[in-house]
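The values are calculated or read from the model by the stated rules, or taken from the named source; none is laboratory data. Note that the structure is predicted; figures quoted are calculated from it, not measured. Cβ atoms come from the backbone with ideal geometry, glycine included; neighbour counts cover every protein chain shown.
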Amino acid sequence: MTTTTIHTQDQQPAAPDHPTRIFAQWGLPHNVTPRFGARLIQEHHRLHFLSDRASLVGEWQEEAIDRLEAALPTIIKELEAKLLTGELDAQRQQRITIQHGGFTCEADTLGSHGYVYLVIYPATNMDANPKRKT
């Protein structure tokens with residue numbers, strides 16, 4: 001099964017039998033697709049994931065989504081460790097990159113004092129392709 005997320009600025013469906021799909025894109029902006037973006041809530045050196053502050057962009061195979069779900073808790077723990085060492089800092093904007101389970105995660109607080117923004121995408125070019133503007 002393939003999951004596709006469609007961006008739209010228009011409030012009207014493209015065709016009468018296609019429902020309108022409008023969503024907020026969460027996480028760090030990136031030009032790779034497919035990707036997963038999220039805004040985590042930072043509480044001291046802990047990070048909390050809220051599913052309503054996350055989005056999948058692009059086409060994802062069901063197996064890739066399962067691998068992402070399995071890898072996400074470990075990625076979050078690695079980000080919490082970066083908070084402890086100061087490599088990820090709530091007061092300073094600095095993008096960091098970690099690799100886990102076949103995924104690349106880029107994260108930054110953007111100096112937000114309470115949030116960590118991230119983008120996760122498959123680590124290999126066979127699974128992730130830069131978006132092309134036409």
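For the stretch 68-82, enumerate the residues that are loosely packed, with under 15 Cβ neighbours inside 10 Å, under 17 Å from residue 34 (Cβ atoms) and in contact (Cβ under 8 Å) with a residue 24 or more places away in the chain.
Filtering the stretch 68-82 for residues loosely packed, with under 15 Cβ neighbours inside 10 Å gives 69-70, 73-74, 77, 81.
Remaining after also requiring under 17 Å from residue 34 (Cβ atoms): 69-70.
70 - this is the single residue of the stretch 68-82 that is loosely packed, with under 15 Cβ neighbours inside 10 Å, under 17 Å from residue 34 (Cβ atoms) and in contact (Cβ under 8 Å) with a residue 24 or more places away in the chain.
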- Which numbered condition residue 70 fails, given (1) more than 15 Å from residue 119 (Cα to Cα); (2) of a type in the set (A, V, I, L, M); (3) modelled with pLDDT of 95 or more; (4) in contact with a helix residue (DSSP H, G or I) (Cβ under 7 Å, 6 or more places away or on another chain): (4)
- Note on the structure: In the stretch 65-90, residues that are over 14 Å from the mean Cα position of the chain (by Cα) and among the aliphatic types (A, V, I, L, M) total 6
- For residue 37, all conditions in the list (1) touching a residue at least 60 places away in the same chain (Cβ under 8 Å); (2) surrounded by fewer than 20 Cβ atoms within 10 Å (Cβ to Cβ) hold save one; what is the number of the exception? (2)
- Message: Please verify whether residue 64 is in a strand (DSSP E or B) and of a type outside the set (Asp, Glu), treating the condition exactly as stated.
- Response: no
- Message: If the requirement is being surrounded by fewer than 19 Cβ atoms within 10 Å (Cβ to Cβ), part of a loop (DSSP other than H, G, I, E, B) and of a type in the set (S, T, N, Q), which of these qualifies: 93, 99?
- Response: 93
- Message: Cβ contacts < 8 Å: first residue within 29 Å of residue 66 (Cβ to Cβ), restricted to the stretch 83-106; second residue acidic (Asp, Glu) and in a strand (DSSP E or B), any location; separation 6+ or different chain. Result?
- Response: 88/108; 95/106; 95/108; 96/106; 96/108; 97/106
- Message: On the basis of being more than 11 Å from the chain's Cα centre (by Cα), hydrophobic (A, V, I, L, M, F, W, C) and not in a helix (DSSP H, G or I), does residue 40 make the cut?
- Response: no
